[in-house]
Structures are given as C-alpha cells and as structure tokens.
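Single-structure report; data block below.
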Amino acid sequence: MSSTTTLSARASAGTAPAPALWSSRLAFILAAAGSAVGLGNIWKFPYITGENGGGAFVLVYLVCIAVIGIPIMMAEVMLGRRGRHSPINSMREVARQEGVSSNWKVIGWLATLAAFLILSFYSVIAGWTIPYIFHAVQGDLAGVDADQAGQMFGNLLASPVELTLWHTLFMALAVLVSVGGVRHGLERAVTWLMPALLVLLIMLVGYGMTTTHFGAAVDFLFKPDFSSLTAEAVLVALGHAFFTLSLASGSMMAYGAYLPKGVSIARTSLTVAVMDTGVALMAGLAIFPIVFANGLEPGAGPGLIFNTLPVAFGQMPGGSFFATLFFVLLLFAAWTSSLSMLESVVKWLEEHGIKRAKSAVFGGIAAWMVGLTTVLSLNVWSGFTPLDAFERFEGKTLFDLYDFLTANVMMPIVALLTAVFVGWVMKKASSQEELGAGTGHRLWLFVLRYLTPVGVLVLFLYNL
Ligand code: TRP
C-alpha cells in the first residue's frame, strides 16, 4: 500500500497495517454509490419493471429498499468498519472481538465467492456496451428498425470471439483502476465518474420530457395497479433490492473497511440508497418515454435496452449523440460497480502478502477465465444445460446457473446470516458503539432480528 496514504491509529485492528481510509465522507458516498449504481439500475431495473407491470412493482421495490436493504447495508458497512479488513478477515476479526466462533467468517467467504462469480458474468454483460458505443459513434444506429436492432444484438451474442474481446477489455479496465488502490485508484475514478454519470442521466431525462410520452412513462412508473402484482414480482423486487445496493456479497463490507471513524453509518447508507434509487427511477424516466413514444414493448425482457433503445435512438433527432452518451454512461456505471466486486478478492489476496497490483491482476484474470464460460454459454454452449435432471434448473445454461446461484441462493444466505449475526450474536453494545444509541438503533436492531430474517427466508424458500 502507498506510503503517502493517511493512516489512522484507531483503524488498526489485529496485526495487519492500518488501511488507507477514504479521504472524506463524500469520497465514501461516491464510491459506495458507484458500486451500487450499475447495470442493475440502468439495464435490469427498467426491464424487470416492464415485465412486472410498472407502478405496483416499483412501490414494492421501494419498500424492500427501505425496510430490508438499508438496514442490511448499515450492518455490512458497520462490520467492515469494525473489522477493517477484507470481508473474510473482517468477519473473523469481528467474531474475535465478540468472543464468538471464528466460523462466522463463512459469511465473508460466501460473500467473496458471490462477488467473484458475479464479477465473472457482469464483465461479459458490461462488455456489450463497448460495441454499442462504437455503433453509436459511427452512426450505425441511424434509422435502424426493430428487426435490424435485434439482428445487431443477435450477431453480437453469436460471436464468442467478439464477446471475449469486449469482456477482456472491460475486465482490463476494472483491473487497471483497482491496481491503483483506494486513494489513487478507486477514489479518483469515482470522484469524476459518478458526477459525470448524473449529468448524462439528467440530460437523458430532459430529452424524455420533450417527448409527448413523458406523462405515460410517469404513469407507468408511479401509478400502482395492484391487480397486476404477482407474488413472484414481490420476490423479484426483494432480490433486486440486494443486487442493486451491492449487498450480501462483501462490496459494502469491503468499502466500509475504509470508512473513517465518526462518520455516521446510518446517514451515509441512507444517502447511498437514495442515490441508487434515484438513478434507477431516472433510468426509468429516461427509457420509458422512448419505449412508449415508439410503440415498443415494456416487457421485452433482458434485451430491452439493447434491442429497443437503438431503434428509438435511430429515430430521434441527434440520436447518435444521445446513444453515445447513453452507452458511455452504462459502461461507466458498470465499471465502478465491478471495482467493488473485485475489491473483496483483491483485499483478501493482499492480506496474504501479495502486492496490490499483483492481487488485482490475479483476481481479474481468475474472474475473466470463469467469465469465458459465460461467453460460451451465450452461443457455442447454449445447449449445454448441465442440471437438466433437476426440474428447477431445466434448460438453464451456465450463465443462467451462475445468476441463479448468486442471486437466489448465495445472496439470500449471506443476508440472512448477516442479519442473524448482527441482530442476535453481536453484542448490542458493540453495534451501539459503532452506530450510536437511540430509537434509531433500537428500530434497526428490531428490523435485523425479525423482519429481515423472515423476509429473506420467504424469498429464499420460495425460490428453491
Ligand atoms: N449493484 C450493482 C448494480 O446494480 C452491481 C454490484 C456491485 C453488485 N457489487 C455487487 C451486485 C455485489 C451484487 C453483488 O449493477
């Protein structure tokens, strides 16, 4: 770690040197928001909202963020700050401080493994944005119709060589920033990436307002129609709350480890969650006017932005310009998210005496190699569905299985264990010391003890 970084005497826990801290509360907020805001907000949120009927789903998602997401985020940031290590060793450290079994580090292991697996396929999807930036810049999107846009996307997915190229490029970008470490890499990158992203989004929403269908988009997103809400939609909303806030996978714990003492975890978590939710809603407000203005289908599924937005961009005045902005924005958002997934792994390697740069390159290459199986499962191996014997997994490719394993199995388990550890195992005085006493703390503890475990268990069992 760089010798010029600020070391905090109080930050030192155990034998490892004190970690470099974020330079300010704002730096942490930008980094955590950079982690939270990603493909989940701009690619996934609009398409699952479209699939699940709009307003009522959005409302349930907002409730999940407020009631389960924010308390779990506070718990994870707190564990990170008390542990001051990678998620694996922070859990070990906090368990030691609490005088309980070091086996609780299993939370850190599962979280890190989830982050690693998510990074492997996240990089492949994020890579898709790069050829679209080129298409947009070259004016390829001008005048394309739905068939041509679908063909463009299909061609991309069909080419393992091209997908591998973009996947490699994206992972290299992530490793490049990660090598620089907290102050010199992550922080500097997010300090300008996040504001740039906000400006781009505001411009896109501004464009949406000039279309005749802005009102329809507002109605779709904010007028709840509970008759269209299914039980499964509720569970999709809860699962997405974890994914979009980067929870249950070590990211927030790893970033919390760099949070200076004395910064309010509650206020900070709230700010990050509000920013993340704001970006998702803005993405919806940017995308749905275009969808409605062009008579496109809101429930088009995961291909929504790649299959339909090029059509819209192709028709609007200045479309190439807006398309370029949009895909650059998406690449930035995915980039800062991927950094947080890499961080848990890199920090853990560093704790084993491997230099930061080597750790980042090694972690990146390992995730890149696993990512190649996702690349192949989109084309050459698309018929390879290894778990067909189990009805639940029938027809699922490797990519589908990674997604299922992380979102529907590993993350719920990690969230559940985290809630149990912080709510029941950790001394109340310890969490009070970290978060501050008061009614807020009592409410938070109540939520973690009862609401979160029950909510997550329902999600988990339903998905099995
Ligand atoms: N939250 C990010 C998004 O919405 C993705 C992300 C970053 C993530 N870190 C994570 C998802 C850890 C799951 C686990 O795109």
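The values are calculated or read from the model by the stated rules, or taken from the named source; none is laboratory data. Since we're looking at a predicted model, the values are computed, not measured. Note that each Cβ is placed from the backbone with ideal geometry, even for glycine, and that neighbours are counted across all protein chains shown. With ligands, DNA and RNA removed, areas are computed over all heavy atoms of the protein, side chains included. Shrake-Rupley method; radii C 1.70, N 1.55, O 1.52, S 1.80 Å.
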Problem - Relative contact order of the range 189-348, pairs being alpha-carbon contacts under 8 Å that are 6 or more residues apart, as % - result: 44 percent
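Lys and Arg at +1, Asp and Glu at -1: add these up for the other residues within a Cβ distance under 12 Å of Ser86 and post the number.
Around Ser86, the charge tally is 0.
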Completion exercise
A correct Karplus calculation of ³J(HN,Hα) over the range 335-349, with 6.51 cos²θ - 1.76 cosθ + 1.60, θ = phi - 60°, whole Hz and x for Gly and Pro, returns 4, 5, 5, 5, 4, 6, 5, 5, 4, 4, 6, 4, 5, 5, 5
Handout entry: Percent accessible area from carbon and sulfur atoms, the range 21-463, protein chains only, probe 1.4 Å
Key = 67 percent
Fill in the blank from the handout: 1/(1 + (r/R0)^6) with r = Cβ-Cβ of Lys355 and Gln97, R0 = 30 Å, i.e. FRET efficiency to nearest 0.05, evaluates to 0.60
Handout entry: Average Cα contact separation per residue, the chain, under 8 Å, 6 or more apart, as relative contact order %
Key = 32 percent
Practice task
Anything over 30 Å Cα to Cα? Flag those among Lys44/Lys223; Lys223/Lys261; Lys105/Lys358; Lys44/Lys396, in the order listed.
Solution key: Lys223/Lys261
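Sort 134-147, 236-249 by the packing proxy (mean of other Cβ within 10 Å over each peptide's residues), most packed first.
Details: 134-147: 16.1, 236-249: 26.1.
Order by mean packing, descending: 236-249, 134-147.
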Exercise for the section: Using θ = phi - 60° and the Karplus relation 6.51 cos²θ - 1.76 cosθ + 1.60, list the HN-Hα couplings for the range 294-304 in order, rounded to whole Hz, with x at every Gly or Pro. Expected result: 9, x, 7, 8, x, x, 5, x, x, x, 2
Practice task
Any chance you could give the angle, 0 to 90 degrees and rounded to 10, that helix 106-127 forms with the longest Cα principal axis of the chain?
Solution key: 20 degrees
Problem - Cβ-Cβ FRET estimate between Ile365 and Lys223, R0 fixed at 41 Å, reported to 0.05 - result: 0.30
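From largest accessible area down, sort Trp381, Trp22, Trp424, Trp335; use a 1.4 Å probe on the protein chains.
So the residues, ranked largest to smallest area, are Trp424, Trp381, Trp335, Trp22.
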Problem - Cβ-placed point charges (K, R +1; D, E -1), dipole of the chain about Cα centre in debye, nearest 20 - result: 2060 debye
Exercise for the section: Would you kindly derive the ³J(HN,Hα) couplings of the range 315-329 from the backbone phi angles with the Karplus curve 6.51 cos²θ - 1.76 cosθ + 1.60 (θ = phi - 60°), listing them in order in whole Hz, with x for Gly and Pro? Expected result: 9, 7, x, x, x, 4, 5, 5, 5, 4, 4, 4, 6, 5, 4
Completion exercise
Rounded to the nearest 10 Å², the accessible area of Thr168 using a 1.4 Å probe with every protein chain kept is 60 Å²
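Pull out a ≥ b ≥ c, the square roots of the eigenvalues of the alpha-carbon gyration tensor of the chain, then state rounded if a/c is under 1.5, prolate if not and a/b is larger than b/c, and oblate in the remaining case.
prolate
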Practice task
Please state the charge dipole magnitude for the range 242-359, taken about the Cα centre, from unit charges on C-beta atoms (+1 on K and R, -1 on D and E), reported in debye and rounded to the nearest 20.
Solution key: 420 debye
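Using a 1.4 Å probe, what is the accessible area per residue for the range 114-204, in Å²?
39 Å²
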Problem - Solvent exposure ordering (accessible area, 1.4 Å, most first) of Val361, Val58 - result: Val361, Val58
